[in-house]
Every structure is written in C-alpha cells, then in structure tokens.
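The structure appears right after this line, and notes come after that.
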Amino acid sequence: RVERDLKAGIGGPLSGIPISVKDIFLTKGLRTTMGSRLFQDYLPNKDAAAVRVLKEAGAIIIGKTNLHEFASGVTNLSSVAGPARNPHDELRITGGSSGGSAASVALGSALVSLGTDTSGSVRIPAALCGVVGYKPTYDMISREGVFPLAWSLDHVGVLGKTVPDVAYVTNVLEGNSGTIDLPQALSGLDPSRISLGYIEVELDFYNRTLDSLRSEGVKLEPIRMDLDRWSNLQRVIRLAEAFAIHREYFNAKPELYSHDVAELLRQGAEIRAWEYIDSLRYRRDVMDEFLRLIRGKDALLTPTVPTIAPRIEEVKGQELNFRSLATRYVSFVNYLGSPAISLPSGKKDGLPVGLQIVGRPWEDSLLLSIARTIEIIFN
C-alpha cells in the first residue's frame, strides 16, 4: 500500500519507515501493557496522539517495545515481558525505562523508536545501547494517550541511529509549531563557532571526549552546578505525582507491582504537601540559575551515564541503587523542561558510553545542530 501511494505521489513524509513504539503509548487494537501485569491483556480502542501522527505520515508501526514497569525504573528488568537485553551483550541491561526502544534501534529492527523520558528514560538506554536519544523541550510532542508517570516531568522522546533521523521524525511529530528548523538541525555548525559549558567529572571516557572536541576548535568552559539539590527537587515531584497516579491501583492490588516499583510508590506516599509545593515553587529559581550558568554558551555538556551497562545479575534486586547512579546527570533536565540529547561517544571495555548535551527550553534547533556537529566529529 505504501509503495502504491508513493508511486501515485500521495505518500507521507515517513512513508515506509519502520518505527517501534514503547509499550506505554496507546495503540488501537494492539496490546498495550505498560510493562505491567495489571494491563497485560489491555487492548486500547484508540491511538496515542504521537502514534496517530506517525501513522498519518505513512510510518509503519512494526511493534511495541519492552519497558521498565510503568516507566518507573532505569534497568528494564521489572517488566511483564521479562528483562530487555543489551544488543552488545545479552547478559547486560539495556537501561530504561525505554530499554526496548533503544535495543530495537541498536539491533536495526526499527529505524527510529518512540520513548518517554521522566528522569532520563530515553537518554539512559540510548547511552548504554549506543544510539541517539533525544528528549525535546517539555510538551513539544503531545503526551495525549501516553500512560503518565509524573505529569509535570514526562516527555515524549525519540531514539534513532543518527541525529538527522531523530530530528526528521521529531519535526513530523511536533506538527506545525515550527520549533525545529530542520535544515539547521541537519547541517550542523562550524565547530569553532560553538561554545559549551561542561561539568567536571573524573571519568576517562568523558574527558577524552572533551579533549577531542577541543582539538576540533569547540570552545569549552567548566561550570559548577548544584546537581544534588536540583535532582532532589525533581525526585520529590516525580515520587509524589507517581503515587497520585497509581494510588487507587496500588491500594487495590499492590501484589501486582514489581518490588522496586512498589517501593518507589511507597516513598511517594510519604512525600509531604509542603515538599511537593516547594519543589514546584523553586522551579523558576532553578531555571534562572541554569540560564545564568550557561549565559554566553550554546549548551551544556555532561556524561549521560557514568558507567557502562552492568550485567543483569549485578543489578537484580539492586535497582534503586543503580537508579541513583544512572540518573545523576540526567534527571535535573526534566525538572527544567529543557531539551537534551545523548550521543554515542565511544566505548569503554567494549561497551557504549554516551555524552549528554543540554540546551535552553525551545532552543531545540540549536541543540540538534550542535549534536549533529559533534556526531560528525565523532564519526
């Protein structure tokens, strides 16, 4: 059918493109489980808005991808479908919660995949599986028909092999808002015209990446951020909102929740009203501080995840400990609502590692242009 449409000149911008979709997006007539035993037989009667746009653009939805139960984790071990496995070593985790999406792109079974990102859930698996993971500015892509984890932090994101792939699909998904200047996002920039702030971290693979960017003429300047405070403010909102969403389900059938997901819900139940309200209230102050720190710079660099993908047996039963490590450099971005992207930046011990680039809200075109430039340098 797609081929007939193309020959007739009526094909869409994504005609024939194979795309996988995280199993937290509603798909009409196609089982949507949220990775949970609560919904293991659920058949929606409508598509999520993003899925509908992809179909209207001619994309072929080839299947749903595994995720950490309710998108509430970063290992992708807790799922009604069992663990997602890393394409580079099947004994290792993919990261999560969009782990199946990252794996499907890394394997080549989909050119692009839809994921969601609340505390890094697109960027973490992208880094551990060696693909590109892009989280646009908050609400740039519709969240209608996506089962929520935390309303004010959830982002729809896109994973792909290259920056042009994710930029092109995102441009279709955002519709007529015109946030992404596609030619700018696809062409890249002169490296000598790019000025970036970076946080200082004692990681060999990260510092080698910084050195390679300097050698190409990219201007780099260290900055200091109160990451612990910012991440804790994000954590309070994430836990409180998740419990509000799951309260009735969890109170009725707690035994159907995985151990680590249930523990996070219990923590959310203990968040006090003033903590939640303060975390929302401080958002403007933190954004002002972030903008001050990167004034005169085009974006911020950090590691995506400070480690390679661990073995499944190493994190099984230790999901919450790994969560603290994996989200250290990514969760604050959801608090800001800023766009961010993880790029493959080489390997450590034969396994992928990622570089995160964080931009200002609604400067997605600039962020993608910088990412494309760095991608060309890495290649």
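The values are calculated or read from the model by the stated rules, or taken from the named source; none is laboratory data. Just so we're clear, the structure is a prediction, and the values are computed from it rather than from any experiment. Cβ: placed from backbone, ideal geometry, glycine included. Neighbour counts: every protein chain shown. We work out accessible area using only protein heavy atoms, side chains counted, and drop any ligands, DNA or RNA first. Shrake-Rupley method; radii C 1.70, N 1.55, O 1.52, S 1.80 Å.
Worth a mention:
- So Y134, is it open to solvent by less than 30 Å² (accessible area, probe 1.4 Å), more than 30 Å from F70 (Cβ to Cβ) and in contact (Cβ under 8 Å) with a residue 60 or more places away in the chain: no
Residue-wise test of (1) in contact with a helix residue (DSSP H, G or I) (Cβ under 7 Å, 6 or more places away or on another chain); (2) at pLDDT 95 or above; (3) surrounded by 14 or more Cβ atoms within 10 Å (Cβ to Cβ).
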{"position": "R1", "(1), (2), (3)": "no, no, no"}
{"position": "G16", "(1), (2), (3)": "yes, no, yes"}
{"position": "K28", "(1), (2), (3)": "no, yes, yes"}
{"position": "R31", "(1), (2), (3)": "no, yes, no"}
{"position": "M34", "(1), (2), (3)": "yes, yes, yes"}
{"position": "R37", "(1), (2), (3)": "yes, yes, yes"}
{"position": "K46", "(1), (2), (3)": "no, yes, no"}
{"position": "R52", "(1), (2), (3)": "no, yes, yes"}
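- Flag for S142 being open to solvent by 40 Å² or more (accessible area, probe 1.4 Å), small (G, A, S) and either in contact (Cβ under 8 Å) with a residue 40 or more places away in the chain or more than 25 Å from R238 (Cα to Cα) (or both): yes
- Residues (in a strand (DSSP E or B) and either surrounded by fewer than 24 Cβ atoms within 10 Å (Cβ to Cβ) or basic (K, R) (or both)) located in segment 330-344: P344
- Within segment 347-378, tally of residues that are under 22 Å from N86 (Cβ atoms) and open to solvent by 40 Å² or more (accessible area, probe 1.4 Å): 5
- Residue satisfying condition, being farther than 21 Å from E221 by Cβ, small (G, A, S), touching a helix residue (DSSP H, G or I) at 6+ places or on another chain (Cβ under 7 Å) and not in a strand (DSSP E or B), within set A309, A371: A309
- Filtered residues of segment 263-285 (kept if surrounded by 18 or more Cβ atoms within 10 Å (Cβ to Cβ) and hydrophobic (A, V, I, L, M, F, W, C)): L264, L265, I271
- Segment 189-202: number of residues that are open to solvent by 10 Å² or more (accessible area, probe 1.4 Å) and under 22 Å from the mean Cα position of the chain (by Cα): 3
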